[in-house]
Amino acid sequence: KPKIGLAVVGRVNFDVAYAEEKLQKALETLKLVDADFIGEPKILFDADAAAAAVPALTAEPLDLLLILQVTFADATMTLGLTEAVDAPVMMWSFPEPRTGGRLRLNSFCGVNLAAHALSRRGKSIDYVHGEPDDASAAGKIATAAKAAALVRRFKSTKLLVVGEHPDGFDPCDFDAGELASRFGITVDQQPVKAFIEEVKAAPEDLADNGWARRSHEFGNLAEMDEVATRKTLKIHGCLSQRAKDKGYAGIAVRCWPDFFIDYGCAACGALALLNEDRIPAGCEADVYGVITSLLLQWASDDGAVFNSDLVDIDTKDDTVVFWHCGQAPIDMADPEAETRATVHSNRKMPLLSEFPLKPGRITVARLSRSGGSLRLMLAGGEMIRRPLAFSGTAGVARLDASAASYLETIISEGLEHHTAVVYGEHRPVLRAFAKRLGIPVVEMA
């Protein structure tokens, strides 16, 4: 859960009893936020009181410092709190009843004053201006806290890259320095041929777990070449063990041509299993694709993610097709369709998954380096129930943006061919995440 530090500031010159009523309602509303709150929810009236609140707020790392401005106060307390607490800041002010009489709270003016003072020190804030019993305020706070928690989570993230990306696949290139400085991500890289030799030397029973899983899920598994199929499943066993031992959150693999030529199987089925294990895995050594998948997985509270190719756009039908050889996690399969084992459509080797994707609301994203700088592409839409468009795993989607405008933006902006897809609407958190890191958003709506 996100960790939110809570501080309440006010001034005795205003209607303190009324402010206390507002505070209690706000505290009830904050129970809607799925987070751990740290700090005593009592009104701080002066700098000494604010200083006394600091030890509790700095006892452990916070994802967000939430300051409730229950009445007007000058910026002194807020400045002291934000200088002492290393966390993004969000402030909540309350609307003022227009009675024709005195200002009972003057809450917003206090936030305005604090925002100005912080801006002169190079800091910015998020804010909510709304009634203390407004559930939408809780939603905004939850979104900001979750985005900040994602930023903090990436700072301890390790990735494994097996091999170099194929020649001509510029979207799969990555800048380790940028990943370290912008996200805090560390990357370990191993030559693909060295990894394949390790897989060959590993115990054969590393394939047993995957074989049992796929035997249960794919009724036609016995139709596949067993030797090649077990090789794919052994790759999964080795990568899964590596992730467990080294703490890798995601894995990017140069899948072709090496595994076909040097080992005699497809890596696709191993990557599908990793995706189901919630260790996002991508082919063609696409590191930014894996990071995007991690971002969507965490933003969706551990939802299944598919790092796909955009392979077809029908402007008359107003649909697009997200596909990849056979890597989609089986969680995404249409329950009304058959899930099958298959071979790679070009290389004719197992093991791959085959099924159409289930209908439902989707979020589409890509951390993009098109144009030479980091951006976040976002889109939303509906996956619709259609027959399997192409062999492997594929889904037909009708996006919020028209297919024609989506096509135009993809090409005119030079966006990558890989796009991550997750079920649900998660763009608010992703926008907040990008804002927190200063990443521009290219949104197709």
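Here are some notes:
- When residues in the stretch 106-123 are screened for being in contact with a strand residue (DSSP E or B) (Cβ under 9 Å, 6 or more places away or on another chain) and either assigned to a helix (DSSP H, G or I) or surrounded by fewer than 14 Cβ atoms within 10 Å (Cβ to Cβ) (or both), 9 of them pass.
- Matching residues in the stretch 284-326 - criterion: being more than 24 Å from Ala180 (Cβ to Cβ), at pLDDT below 95 and in a loop (DSSP other than H, G, I, E, B): Cys325, Gly326
- Residue check, Asp126 at pLDDT 95 or above, surrounded by 15 or more Cβ atoms within 10 Å (Cβ to Cβ) and of a type outside the set (A, V, I, L, M, F, W, C): yes
- The set of residues from the stretch 190-212 being surrounded by fewer than 16 Cβ atoms within 10 Å (Cβ to Cβ) and of a type outside the set (A, V, I, L, M, F, W, C) comprises Gln190, Pro191, Lys193, Glu197, Glu198, Lys200, Pro203, Glu204, Asp205, Asp208, Asn209.
- Sole exception among (1) over 22 Å from Leu273 (Cα atoms); (2) in a strand (DSSP E or B); (3) more than 22 Å from the chain's Cα centre (by Cα) for Glu354, by number: (1)
- For beta carbons closer than 7 Å, sequence separation of 6+ or different chains, a first residue in the stretch 220-242 that is outside the structural domain of Pro350 (by the TED database) and closer than 18 Å to Cys255 by Cβ and a second that is at pLDDT below 95 and surrounded by fewer than 23 Cβ atoms within 10 Å (Cβ to Cβ), there are no qualifying pairs.
- The conditions of being in a helix (DSSP H, G or I) and within 25 Å of Ser300 (Cα to Cα) are not met by Leu159.
- Test: residue in the stretch 87-105 that is over 23 Å from Asp15 (Cα atoms) and not in a loop (DSSP other than H, G, I, E, B): yes
- Restricting attention to the stretch 363-395, the residues being among the hydroxyl-bearing types (Ser, Thr, Tyr) and assigned to a strand (DSSP E or B) number 3.
- For the stretch 2-21, the criterion of being of a type in the set (Ser, Thr, Tyr) and closer than 25 Å to Arg152 by Cα is met by none of the residues.
- For the stretch 233-282, filtered to residues that are more than 14 Å from Leu160 (Cα to Cα) and assigned to a loop (DSSP other than H, G, I, E, B), the residue that is most open to solvent (accessible area, probe 1.4 Å) is Trp256.
The values are calculated or read from the model by the stated rules, or taken from the named source; none is laboratory data. Note that the structure is a prediction, hence the values are computed from the model and not measured. Don't worry about glycine lacking a Cβ; one is built from the backbone with ideal geometry, like all the others, and counts go over all protein chains shown. Accessible surface is based on the protein model in full, side chains and every heavy atom, while ligands, DNA and RNA are left aside. Shrake-Rupley method; radii C 1.70, N 1.55, O 1.52, S 1.80 Å.
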